[in-house]
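Laboratory data are not the source of any read-out in this text; all were calculated from the coordinates shown. Every value quoted in this text rests on a predicted model; they were computed, and no experiment measured them. So basically every Cβ, Gly included, is an ideal-geometry build from the backbone, and we count neighbours across all protein chains shown.
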Amino acid sequence: MDQGEPGGLRRLGRKRAHLTFRPPVRAVARAGRHTSHAPPGAERTFMNSVIPIMPVLSESEQQALFAPVEVADGLPGRVYSNPEYWALERERLFKEDWFAIGCASDVPAVGDVMPVGIAGWELVLVRGLDDRVRVFHNICRHRGTKLVTKPDNLRMIQCGWHCWTYDLEGRLQRMPILNGPNTSGHDCFERESLGLVEARSGVWHDTVFVNLDGKARSFEAFTASLARLFEPYHLEGYDLTHPARHDEVVLDINWKLYHEGGLEGYHIPFVHPALELPDRYHIDNDPEAFTSLTGSLIKYKRLGAWVGLPDDTFDMNPAAAAAVSEGRRIPYTICFVTPTVIFAAWPEAIITTLLRPISPTRTGVRRNMYFIGDSAISAEAAPARQKYVDIWLGITGEDADYSTGVQRLSAQREEIGMQTRFSPYWEEAVKLFQQGVARRAYGASAA
């Protein structure tokens with residue numbers, strides 16, 4: 001027997017023996033539910049035979065997730081830490097569709113560059129001489145070195161290893177001593193074909209999105225539903241060039257848990273007592289893009305009041321101002337765009353929360369706050385802007401212990417076969433979000 005052949009099969013000239021083979025399938029049985037960890041609809045080839053692989057969610061798990069909210073079960077614990085699920089999400093939620101990676105205001109001046117490492121990809125935002133923000137794969141075309149390692153302002157992008165040099169539009173300009181001393185190229189190296197690899201990108205309300213495989217729907221089609229959702233808040237009135245912001249906080253959680261924590265108001269009176277208990281949300285759900293919550297406030301505390309400034313320190317958006325003048329509840333909308341950005345329209349600010357998934361169990365979180373008119377830049381409003389940043393940073397801290405605890409216990413929950421449930425009143429949006437992830441990433445369905 002030749003031990004180099006699969007299964008110890010003997011090599012027979014140029015032919016291979018064909019045996020009936022039952023492949024090993026890594027599976028777990030939890031509370032009567034059988035689950036394989038292979039990609040849905042995938043197939044393996046063994047000895048020229050096609051072997052179907054089971055879906056990543058068992059039939060009973062899919063039925064439980066797509067059941068009515070009163071009796072539905074949530075996603076199993078393994079999807080929050082297992083690398084195979086992470087790989088599926090990277091391929092189907094990130095690479096094959098639009099996802100947010102940063103902000104145009106991160107690179108405000110011509111020549112500004114900002115590296116972004118997200119979900120295993122190394123990218124770089126660059127503002128070119130034409131004032132356009134582009135996104136490139138942060139990899140030198142020579143030997144694959146990482147090019148930009150920190151935010152900077154550059155005239156050219158130069159590799160530190162062999163000094164290959166690119167302009168701000170990604171075109172290769174120099175290959176010093178490539179063919180020996182005092183040379184600057186080679187006949188077999190065409191500069192035109194060796195520029196940086198640009199990622200398909202677009203900017204919406206300062207947020208930079210990319211589509212890495214280049215095959216997703218148009219950016220205009222992707223953002224059309226977002227534009228309609230936020231139309232009542234007149235986003236064009238916000239100053240996008242001077243956001244208040246806080247530095248990234250890295251949490252030991254899967255990116256999905258951050259979305260799930262924000263998609264329900266059930267925890268607010270217990271964890272965030274300074275916030276007003278919301279009424280029941282109106283839910284808008286686009287299974288291919290986002291889940292959004294629209295609610296209203298009765299006793300909204302004006303931002304200036306937090307720091308002892310006049311109530312009119314900050315302008316309200318038109319929808320909020322009209323509600324106040326007419327004595328109505330003040331509307332707000334929070335939109336969770338899978339997988340990496342959350343847009344929230346509050347009375348006096350638009351808040352963009354950017355998630356940077358680092359691994360299956362680590363996620364970076366940062367926020368930009370956009371204000372209206374002079375309140376976005378005036379020195380008088382600076383204390384209130386900083387207070388607003390501090391408030392939301394504090395809210396992140398209040399949630400952190402609970403979300404990281406859920407992350408730590410997800411493996412144990414899987415091990416003992418424990419399912420989670422949804423509050424019918426408060427958590428229908430969490431269920432819709434989980435269903436969207438299961439459909440798009442894991443191939444699950446309600447059938």
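Descriptive notes on the structure:
- Loop-located GluC sites (Glu not before Pro) in the stretch 110-208, at most 10 other Cβ atoms within 10 Å (DSSP): E190
- Against the rule of thumb 2.2 N^0.38 Å, how large the Cα Rg of the stretch 308-445 comes out: 1.33
- Quotient of Cα Rg and 2.2 N^0.38 Å for the stretch 218-440, N being how many residues it contains: 1.03
- Projected label points at L194 and R329, each 7 Å from Cα along the beta carbon direction, are separated by 6.3 nanometres.
- Per-residue Cβ neighbour counts within 10 Å put T294, T223, T352 in the sequence T294, T223, T352, beginning with the fewest.
- Remark on the stretch 99-202: ratio of C-alpha radius of gyration to 2.2 N^0.38 Å is 1.07.
- With the convex hull of the Cα atoms taken as the outline of the stretch 214-270, the averaged projected area works out to 7.4 nm².
- Ordered by the number of other Cβ atoms lying within 10 Å of each residue's own Cβ, fewest first, E236, E260, E428, E220 fall into the sequence E236, E220, E428, E260.
- Local electrostatic count, D315, Cβ distance below 10 Å [Lys/Arg +1, Asp/Glu -1]: -3
- Within the stretch 335-376, the proportion of Cα pairs with more than 15 Å between them is 48 percent.
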